[in-house]
1. Lys/Arg Cβ at +1, Asp/Glu Cβ at -1, dipole of the chain taken about the Cα centre: which of Pro412, Phe94, Leu356 is farthest positive-ward?
2. Angle, helix 398-408 long axis vs. longest principal axis of the chain, Cα atoms, 0 to 90°, nearest 10?
3. Between Lys382 and Lys431, what FRET efficiency comes out of the Förster formula 1/(1 + (r/R0)^6) with R0 = 30 Å and r the beta carbon distance, rounded to 0.05?
4. Relative to the longest principal Cα axis of the chain, at what angle does helix 321-340 sit, 0 to 90 degrees, rounded to 10?
5. What distance in nm lies between label points placed 7 Å from Cα along the C-beta direction at Lys43 and Arg465?
6. May I ask you to rank His190, His423 by accessible area, largest first, using a 1.4 Å probe over the protein chains only?
7. Rounding to the nearest 20 debye, state how big the charge dipole of the chain is about its Cα centre with +1 on each Lys and Arg Cβ and -1 on each Asp and Glu Cβ.
8. List the aspartates and glutamates whose Cα lies under 16 Å from the Cα of Lys286, skipping any in the same chain that are fewer than 8 positions away.
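The values are calculated or read from the model by the stated rules, or taken from the named source; none is laboratory data. Bear in mind the structure is a predicted one, so any value in this text is a computation, not a measurement. Here the Cβ is made from the backbone with ideal geometry for all residues, glycine too, and neighbour counts use every protein chain on show. Side chains are part of the model used for accessible areas, which takes the heavy atoms of the whole protein and leaves out ligands, DNA and RNA. Shrake-Rupley method; radii C 1.70, N 1.55, O 1.52, S 1.80 Å.
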Amino acid sequence: MALDIRRVIESIEKYEPVDLTAYKVPSSSIAGIGKILELYLRKIKLQKYYFQFFYAVRELVENAKKANLKRVYFKQNNLDLNNPDHYQQGMQKFKDEVYSKISEYENLLKESGLYVRTTFEVDETHFYITITNNVHISSAEEARINDRLSRSQSFTSVEEAFQTVLDSSEGAGLGIVMLVLMLRKIGLDHNAFSIQGVNGTTMARVRIPRHDLVIQRLSDLTGRISEELERIPQFPEHIQALQRLIADPEVDFGRIERTISMDPGLAAEILRMVNSAAFGIHRRVKTISEAVSLMGLKGIRDMITACGTVKLMVDRYGEMQKLWNHCYRVAVYASVIARRYSLRKIYEVVYSSSLLHDLGRVLVDFLSPDLFDKLRRFSVEKNIPPEEFELFVIGTHHAEVGALMAERWEYPEAITETIRHHHTPDACREKYKELVQTVYLANFLDDWDRGRAVPDHLSPEVMNRFSLHNTDTLQALLLDLKKQFKRIAESQN
């Protein structure tokens with residue numbers, strides 16, 4: 001049934017309860033719940049907490065639907081939910097069997113009359129969100145939830161929760177743990193959330209005071225990031241000198257070539273980059289003189305910036321081969337995309353900008369190894385926009401951390417803008433949009449290929465810009481980029 005927004009608004013204006021009931025709980029129902037929540041939060045001036053509350057609502061709705069599906073599945077297989085042996089037997093196959101035939105089981109939910117109802121209420125002091133499903137919680141389910149609630153109280157940081165729960169055999173319990181941590185982050189204690197069986201139903205409720213909510217820090221990572229940013233060394237002097245030389249409008253090309261050649265490691269890396277097939281140069285470049293002529297001063301300047309950065313970061317934070325391999329793939333993908341779509345204005349800068357796009361991740365990964373990948377995996381599993389979740393967990397975003405580093409080192413503006421907005425291309429300045437969108441798409445495709453992103457979160461503006469109208473066209477582009485990358489990698493061996 002379609003949501004009647006006019007009636008919802010009228011009820012909210014009168015502070016009357018609003019509820020939404022569904023059997024199958026499709027994505028349209030989740031969207032409707034999100035819209036009602038947004039309208040309520042605006043009314044009571046708590047809209048800045050939308051992300052936390054929407055996560056809580058969606059987690060509880062999905063848990064309620066799962067509980068209903070469990071009843072149908074156990075009944076279909078003649079299993080008693082309250083028998084410990086039957087429960088263990090049924091849960092071993094429940095997820096695989098039900099979600100592989102989800103449409104069939106959703107129809108059975110409706111036939112069985114099993115619903116999920118989301119109710120929003122407000123009074124003078126509190127805002128209440130109640131999720132009800134018309135089955136009584138079993139003793140086994142109640143014990144598991146109470147165990148997770150108890151464990152969430154012991155965690156002092158989000159990193160600890162990820163480490164403990166994701167690395168255990170009960171990783172599925174992380175959703176409810178994160179719900180409690182999200183509520184704690186805005187100053188709500190364990191009394192704000194409750195779940196209980198009531199007259200043949202199960203009711204989960206979040207009780208939110210309308211005043212005195214304060215964002216708290218559940219991670220010390222933000223502080224450690226700030227401290228590390230203060231300690232980061234200056235860019236190597238000889239790289240800075242080269243950059244100043246290139247910026248001089250009166251400079252002689254020969255002097256630039258001689259200065260680069262005085263650093264054999266830098267000269268070799270520049271030639272390696274120029275000779276990468278990603279630049280579309282169809283002959284072997286053997287000298288720095290040729291490289292400068294072909295790439296132009298801006299292109300060479302950005303290559304020097306990239307080379308100097310990679311060396312400095314490796315010297316300070318270690319190899320991080322997996323992360324730099326990702327950056328290299330994105331650099332190649334972005335260069336190929338730029339040429340495929342004839343984006344001539346960004347040919348010179350796209351490779352270097354892509355190579356440095358995850359600069360902030362180097363620092364974050366060094367301070368909290370593996371946290372980033374765990375955040376991404378959880379975001380994909382819960383279909384949460386990963387940028388919002390990272391901001392919640394860390395208190396900042398690795399893209400912003402990287403941009404601050406780039407500003408400290410006085411990077412060219414185009415590279416800094418790419419680093420800052422490689423996850424938020426719609427927010428970048430118009431003059432850099434073509435570049436940032438290209439790097440964003442290349443980064444998304446590599447993340448998607450590795451299970452760290454979902455097409456639902458891809459910017460519609462970028463999809464339109466590159467004529468990517470569905471998952472099939474995305475998949476075709478990715479497959480072609482992987483073939484091109486393999487050919488380029490083989491050509492350099």
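1. The residue sitting most towards the positive pole is Phe94.
2. Roughly 30 degrees between the two axes.
3. Given R0 = 30 Å and the Cβ-Cβ separation, E is 0.25.
4. Value to nearest ten degrees: 70.
5. If labels sit at Lys43 and Arg465, their model points lie 3.9 nm apart.
6. His190, His423
7. Values: 65 positive and 67 negative charges, 194 e Å.
Magnitude of the dipole: close to 940 debye.
8. Here the aspartates and glutamates satisfying the reach criterion relative to Lys286 are Glu257, Asp263, Glu269.
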